[in-house]
Every structure is written in C-alpha cells, then in structure tokens.
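Below is one structure, written out as structure tokens; comments come after it.
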Amino acid sequence: TIKVEQYKECASLIGMHLNKCHEAGQESVKWEDVAFWYLEQKEDEMISEEDVDDTNELVNGVINKMMAEGGTLMFMGLPEKGQKKEERMIALHPSVDPRTLYASY
C-alpha cells in the first residue's frame, strides 16, 4: 500500500522530470527510463536490495495510477505487438499544467 505522502512526492518528481524533458524538446520518455531516473534520485535513501525493490514497486505503482486514474500521464503512440507497458513512451497529458499541478505537494 502506498501512503499518500509517498504518492504525492513520487508523482511530483515524475511530473517535474517529464516537464523538464518536454521543455528540452523530448516529447515523451520511456516508462522504464522514468522509473530508473526516480530510482537514481532516491539512491542515497536505499540501503538494501529490499529498499530498491520497494522503491521500484512504488514508482511503477505511481506511474500506473497517474496513467489510469488521474489522466495526468498518457501513452504516446500505439503499442507494438508484445510490448510491455514499461517499454512504452509516456508523457504528461496536454491538459495538465505542470506549473500548478504539483504546487500543493
């Protein structure tokens, strides 16, 4: 179970990262690359292999929830045959204003 504070912090970092990528001209980023980026940001907080696994589960759960429930993230393009969702390109939804979306987090 993800705590609300964990979700908000993780979602905020993901949103800011995707927005920076977009501003740098990168329209979308591979889901697994976003997850890896998040793990790198939390590297100093992870001591054990279990911490790495828990953090990986957290970030993938948050991305999944942001895709499914909030309309915050969206897939870019159509999936290729047999492609896992973690291999697909994602981006902030165009209706999302990244300047205000995470201000309360």
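Data for the structure
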read-out	value
Complete set of residues in the range 1-38 that are surrounded by fewer than 16 Cβ atoms within 10 Å (Cβ to Cβ) and of a type in the set (A, V, I, L, M)	Ile2, Val4, Met16, Ala24
Some residue of the range 48-58 being among the polar types (S, T, N, Q), at pLDDT 95 or above, open to solvent by less than 50 Å² (accessible area, probe 1.4 Å) and part of a helix (DSSP H, G or I)	yes
Single condition Ser95 does not satisfy, out of (1) part of a loop (DSSP other than H, G, I, E, B); (2) modelled with pLDDT of 95 or more	(2)
Matching residues, the range 32-68, being under 11 Å from the mean Cα position of the chain (by Cα) and farther than 13 Å from Cys10 by Cβ	Glu32, Asp33, Phe36, Met67
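The values are calculated or read from the model by the stated rules, or taken from the named source; none is laboratory data. Quantities reported herein were computed from a predicted structural model and do not represent experimental measurements. In this analysis, Cβ positions are derived from the backbone assuming ideal geometry, glycine residues included, and neighbour counts consider all displayed protein chains. Side chains are part of the model used for accessible areas, which takes the heavy atoms of the whole protein and leaves out ligands, DNA and RNA. Shrake-Rupley method; radii C 1.70, N 1.55, O 1.52, S 1.80 Å.
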